[in-house]
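Enquirer: Have a look at this one.
The values are calculated or read from the model by the stated rules, or taken from the named source; none is laboratory data. On a predicted model such as this, the values are computed, not experimentally measured, just so you know. Every residue, glycine among them, receives a Cβ derived from its backbone with ideal geometry; neighbour counts consider all protein chains shown.
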Amino acid sequence: MLGTRSEIFSSGGKQKMTSLDQQIIICRCEDLTLSDVRGLIEKGYRTLDELRRISRLGMGPCQGRTCRPLVQRELQAGGVPMKSQSIGVIRPPAMPITLGAIADGSEEGQKDA
């Protein structure tokens, strides 16, 4: 088990977080604040993939379109140059399926991958 939200996102007191940092939402889909993101970066998570795995950052409906640039800025402020940052692993759906098959709840509309 990972622990409570406060244990996962706690920065350990290395950087003073203001109450404003706790109110600024970075990832609206997953409800992550600026202090959450900074706390994870201070804990040693240095890539978008690492941050995504521990916090679900960028895994909501927008798929990171809103939060990715904000997190990249925070990574850069934390010492990770923008040029060395990758956009992360993007995985397509495992098997194409028609919308009609989804609506019907059947497996008939599946296409060969």
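Enquirer: Exactly one condition in (1) modelled with pLDDT under 90; (2) small (G, A, S); (3) over 21 Å from Q23 (Cβ atoms) is not met by G78; state its number.
Expert: Condition not satisfied by G78: (3).
Enquirer: Moving on. Which pairs have Cβ atoms under 7 Å, sit 6 or more apart or on different chains, and link a residue in the range 19-42 that is under 16 Å from R68 (Cα atoms) to one that is aromatic (F, W, Y)?
Expert: Correct list of pairs: D36/F9; L40/F9.
Enquirer: Now for a separate question. From the residues in the range 46-61 that are touching a Lys or Arg at 6+ places or on another chain (Cβ under 8 Å) and either farther than 18 Å from I24 by Cα or basic (K, R) (or both), which one is surrounded by the fewest Cβ atoms within 10 Å (Cβ to Cβ)?
Expert: Among residues in the range 46-61 that are touching a Lys or Arg at 6+ places or on another chain (Cβ under 8 Å) and either farther than 18 Å from I24 by Cα or basic (K, R) (or both), the one surrounded by the fewest Cβ atoms within 10 Å (Cβ to Cβ) is M59.
Enquirer: What residue, among those in the range 62-89 that are polar (S, T, N, Q), under 12 Å from the mean Cα position of the chain (by Cα) and assigned to a loop (DSSP other than H, G, I, E, B), is surrounded by the most Cβ atoms within 10 Å (Cβ to Cβ)?
Expert: Among residues in the range 62-89 that are polar (S, T, N, Q), under 12 Å from the mean Cα position of the chain (by Cα) and assigned to a loop (DSSP other than H, G, I, E, B), the one surrounded by the most Cβ atoms within 10 Å (Cβ to Cβ) is T66.
Enquirer: Any idea which residue in the range 19-55 is farthest from the chain's Cα centre (by Cα), counting only those that are outside any helix (DSSP H, G or I) and of a type in the set (V, I, T)?
Expert: I24
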